[in-house]
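Report on the structure given below.
A short reminder: the numbers here are calculations on the coordinates, not readings from a lab. All values reported here derive from a predicted model rather than from experimental measurement. Backbone-built Cβ (ideal geometry, glycine too); neighbour counts: all protein chains shown.
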Amino acid sequence: MTVTESEQEFRRAKRPRSVIAGPYGHPFHATVVTIPIGAWTAAVVFDIAALFGAAPEALATGALWLVVIGVIGALIAAVLGLMDFSQLPPRTKVRRTAVWHLAFNSTAILLFIVSALVRLPDPDEPSVGGFILALVGILVVGVSGALGGELAYRHGVRVADEQDQERAYTR
């Protein structure tokens, strides 16, 4: 049985480029993205609480820290995501979807970096500008997450082959 070029590219997209990207069937990118998503979501919650008067100094400082933690986590996730991206064949639907995913993630990182910079002059004061940037950023992350789900669940990027999955269902 001969394997077509398309089948070879499909199989290559499921394999890690390096051990740093995570083992076969378990990409680290999917795990690490929880850091920025969680940190940035919490930052928005802290901002809302700070803007409505509940311990505004502490919550404003916490929101700034959460934004920065999210940016650091996002940069690590980006490196891992780029390793997975590099395995995708050019001029394919999966590659185009990944480019949009990358563009939305890059936009979110920039929005959160600017949000942190806006907060820096008065880190103990609630920042309406920082909050608005974070709110827009988290919406962008939501769109990007939907595209990431498309890549993993519909296109099977870095997901184990169906034959490997099927073995888990045999008795």
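Applying the criteria of a DSSP loop state and at most 16 other Cβ atoms within 10 Å to the chymotrypsin sites (Phe, Trp or Tyr not before Pro) of the stretch 35-124 yields Phe52. Positive contributions from Lys and Arg (+1) and negative ones from Asp and Glu (-1), summed over other residues with Cβ under 14 Å from the Cβ of Leu151, come out at +4.
Considering only Cα atoms, the convex hull volume of the chain works out to 126 Å³ per residue. Note on the stretch 1-75: along the principal axes its Cα atoms extend 68, 20, 15 Å, ordered by decreasing extent.
Along the positive direction of the dipole of the stretch 1-86 (beta-carbon charges: Lys, Arg +1; Asp, Glu -1; about the Cα centre), which of Ile20, Pro56, Thr34 reaches farthest? Result: Ile20. Placing +1 on the Cβ of every Lys and Arg and -1 on the Cβ of every Asp and Glu, with nothing else charged, gives the chain a dipole about its Cα centre of roughly 760 debye. Taking the helices alone, the chain has a mean residue ellipticity at 222 nm of -23000 deg cm²/dmol, built from -39,500 (n - 2.57) per DSSP H run of at least 4 residues and averaged over all its residues. For the chain, return all DSSP H helices satisfying: extent of Cα atoms along own axis at least 30 Å; mean Kyte-Doolittle hydropathy at least -0.5. Helices meeting the span and hydropathy rule in the chain are 56-85, 93-119, 128-149.
Quarter the surface of the alpha carbon convex hull of the stretch 44-107 and you get the mean projected area, 5.1 square nanometres.
The Kirkwood hydrodynamic radius of the stretch 81-171, based on inverse pair distances between different Cα atoms, is 15.4 Å.
Of the residues Val33, Val140, Val19, the one that moves most in a GNM of the chain with alpha-carbon contacts below 10 Å is Val19.
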